[in-house]
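First up is the structure itself, then whatever we jot down about it.
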Amino acid sequence: MKLKSKIDKLAQIIKNDGLVIIPTDTIYGFSCLPTSNIAIDRINDLKQRANKPFIILDTDEWRLRSYFKYAFADKVMRELIDDKVWPGKLTVIADKCGKIDYSFLSNIDTIAIRYPDNELIRVLNTELESGIVSTSINVSGETELSTITEIKNAWKDKIDKIYEDSRENGNSSLIIKINSHEKKIEVIRDPKTAGSKEILLKLDKIIKRCQ
């Protein structure tokens, strides 16, 4: 099957409230539309956890500007793009725009966004005209599966589609939280890779420029 046909089929599954497993620029993840409460409920059931927030993956720079509430976070986001930190393995948490009404964010004031360097995500974002949910493939509290073979064996009968590429799972992303009121950032998770160290050095300069 040609690549475009495979992606078109994947997009159609997602549009129809489907739940899929796809590779990203970091690890494989459960993915669906952020507006699909049916698929979101399925993820929570599979992960055996109460409703918790998910990361949104989006490669559309105009849409990226619609997620955050405060001008400082928007300014940091634009600097991340200008400095080539985004697209990349950085997840940003900041106060969400009031227009965001995803069910899994109903009880919190923030949203987590990543602009991934990944062609599959870019094409899906374009086809769906939307960002997509991403979350690790594991039961809550258990270790993430590290190979596509393990993922397929454990989950293939529980979701609608696994989209496999030629690589195995990568590293998790660096996660930061922007405090727009104090104009600071907090490191929430650092995978301690060479890439995360480089990003943190750039972030220090970006925050100083934005203050």
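The values are calculated or read from the model by the stated rules, or taken from the named source; none is laboratory data. Because the structure is a prediction, the values reported are computed rather than measured. Here the Cβ is made from the backbone with ideal geometry for all residues, glycine too, and neighbour counts use every protein chain on show.
Being farther than 22 Å from L19 by Cβ and either in contact with a helix residue (DSSP H, G or I) (Cβ under 6 Å, 6 or more places away or on another chain) or at pLDDT 95 or above (or both) is the filter here, so list the residues in region 157-178 that pass it.
Across region 157-178, the qualifying residues are L174, I175, I176, K177, I178.
Of the residues K69, K75, K96, K15, which single one is farther than 22 Å from Y163 by Cβ and out of contact with any strand residue (DSSP E or B) (no Cβ under 8 Å at 6 or more places or on another chain)?
K75
Return a yes/no flag: does region 4-25 have any residue that is in a strand (DSSP E or B) and either of a type in the set (S, T, Y) or within 12 Å of the chain's Cα centre (by Cα) (or both).
Taking every residue of region 4-25 in turn, at least one turns out to be in a strand (DSSP E or B) and either of a type in the set (S, T, Y) or within 12 Å of the chain's Cα centre (by Cα) (or both).
For region 97-117, indicate whether the set of residues that are farther than 26 Å from D41 by Cβ, out of contact with any His (no Cβ under 7 Å at 6 or more places or on another chain) and not aromatic (F, W, Y) is non-empty.
Yes - at least one qualifying residue is present in region 97-117.
Check D82 against each of (1) free of Cβ contacts under 8 Å to residues at least 24 places away in the same chain; (2) on the phi > 0 side of the Ramachandran plot; (3) not aromatic (F, W, Y) and name the one condition it does not meet.
That leaves (2) as the condition not met.
Among all residue pairs at least 6 apart or on different chains, which show Cβ distances below 9 Å where the first residue, located in region 2-31, is without any contact (Cβ under 8 Å) to a residue 40 or more places away in the chain and the second is buried (at least 20 other Cβ atoms within 10 Å of the Cβ) and not in a loop (DSSP other than H, G, I, E, B)?
Within 9 Å, the pairs are D17/A39.
Restricting region 117-146 to residues that are in a loop (DSSP other than H, G, I, E, B), modelled with pLDDT of 95 or more and within 15 Å of the chain's Cα centre (by Cα), which is surrounded by the most Cβ atoms within 10 Å (Cβ to Cβ)?
Among those residues, the one meeting the criterion is G131.
Suppose we keep only residues that are among the aliphatic types (A, V, I, L, M) and over 18 Å from I108 (Cβ atoms) within region 24-44. Which one would you say is surrounded by the fewest Cβ atoms within 10 Å (Cβ to Cβ)?
Once the filter is applied, the top-ranked residue is I38.
Within region 193-208, does at least one residue satisfy the condition of being more than 24 Å from K4 (Cβ to Cβ), more than 18 Å from the chain's Cα centre (by Cα) and assigned to a loop (DSSP other than H, G, I, E, B)?
yes
Among the candidates K99, K208, single out the residue that is among the charged types (D, E, K, R) and farther than 22 Å from A39 by Cβ.
So the residue among K99, K208 that is among the charged types (D, E, K, R) and farther than 22 Å from A39 by Cβ is K208.
Exactly one condition in (1) surrounded by 15 or more Cβ atoms within 10 Å (Cβ to Cβ); (2) farther than 24 Å from N179 by Cβ is false for K9; which is it?
(1)
Within region 45-74, track down each residue that is buried (at least 18 other Cβ atoms within 10 Å of the Cβ) and in a helix (DSSP H, G or I).
L46, K47, L64, F72, A73, D74
Of all residues in region 97-116 being under 16 Å from the mean Cα position of the chain (by Cα) and either among the β-branched types (V, I, T) or in a loop (DSSP other than H, G, I, E, B) (or both), which is nearest to K4 (Cα to Cα)?
It comes out as P116.
Among the residues of region 96-116, what is the count of those that are of a type in the set (K, R) and surrounded by 19 or more Cβ atoms within 10 Å (Cβ to Cβ)?
Here the count works out to 2.
Quick check on this structure: which one of K197, K184, K156 is loosely packed, with under 15 Cβ neighbours inside 10 Å and under 20 Å from G88 (Cα atoms)?
Going through K197, K184, K156 in turn, just one is loosely packed, with under 15 Cβ neighbours inside 10 Å and under 20 Å from G88 (Cα atoms): K197.
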